[in-house]
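Since the structure comes first, as structure tokens, the remarks are kept for the end.
The values are calculated or read from the model by the stated rules, or taken from the named source; none is laboratory data. Please read all numbers here as calculations on a predicted model, not as lab measurements. As a convention, Cβ positions derive from the backbone with ideal geometry for all residues, glycine included, and neighbour counts pool all protein chains shown.
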Amino acid sequence: MRSGDEVVVALDVGGTGMKCALVRPDGTTVHSERHATDARRGPDAVVDTVLDVADGLAGKARAAGLTPVACGIAVPGVVDEARGVAVWSAPGRRR
């Protein structure tokens, strides 16, 4: 496999939406899209949405002949890495 065939599934999860992309090791964006988190459905539904979007992006990569090698997720808040849980989350914007 050539490194040019590899991509990372990248997700930036916000309070109301996600910015998502497939990114090559050199930082080049191959594909990008946005999705709503629908946070009003609750935290379990948001996690399901994040996982579904990540799985969909990995599928798009494979369909394009690319190999997803990792997934990076950015969330606004503090995560206890040892326990794998969010301990504080930044509040969403209110209108």
For this session: Being of a type outside the set (Asp, Glu), in a loop (DSSP other than H, G, I, E, B) and farther than 17 Å from Gly14 by Cβ is the filter here, so list the residues in segment 51-85 that pass it.
Result: Ala64, Gly65, Leu66, Ala82, Arg83, Gly84
Problem set entry | Every pair of residues 6+ apart whose Cβ atoms lie under 8 Å, when the first sits in segment 46-67 and is under 17 Å from Thr28 (Cα atoms) while the second is assigned to a helix (DSSP H, G or I) and not small (Gly, Ala, Ser) | Gly65/Asp5; Leu66/Asp5; Thr67/Asp5
Exercise. Counting only residues that are within 15 Å of Asp12 (Cα to Cα) and exposed (fewer than 14 other Cβ atoms within 10 Å of the Cβ), how many does segment 34-47 have?
Worked result: 4
Exercise. Of the residues that sit in segment 86-95 and are in contact with a Gly (Cβ under 7 Å, 6 or more places away or on another chain) and at pLDDT 70 or above, which one is nearest to Val13 (Cα to Cα)?
Worked result: Ser89
Seminar exercise, completed: Sole miss for Pro76 among (1) surrounded by 14 or more Cβ atoms within 10 Å (Cβ to Cβ); (2) modelled with pLDDT of 85 or more is condition (2)
Exercise. If you take the residues in segment 17-31 that are surrounded by 14 or more Cβ atoms within 10 Å (Cβ to Cβ) and of a type outside the set (A, V, I, L, M, F, W, C), which one is modelled with the lowest pLDDT?
Worked result: Gly17
For this session: Kindly indicate the residue of segment 1-50 that is in a helix (DSSP H, G or I), under 30 Å from Trp88 (Cβ atoms) and among the charged types (D, E, K, R) and also nearest to the chain's Cα centre (by Cα) among those meeting that condition.
Result: Asp48
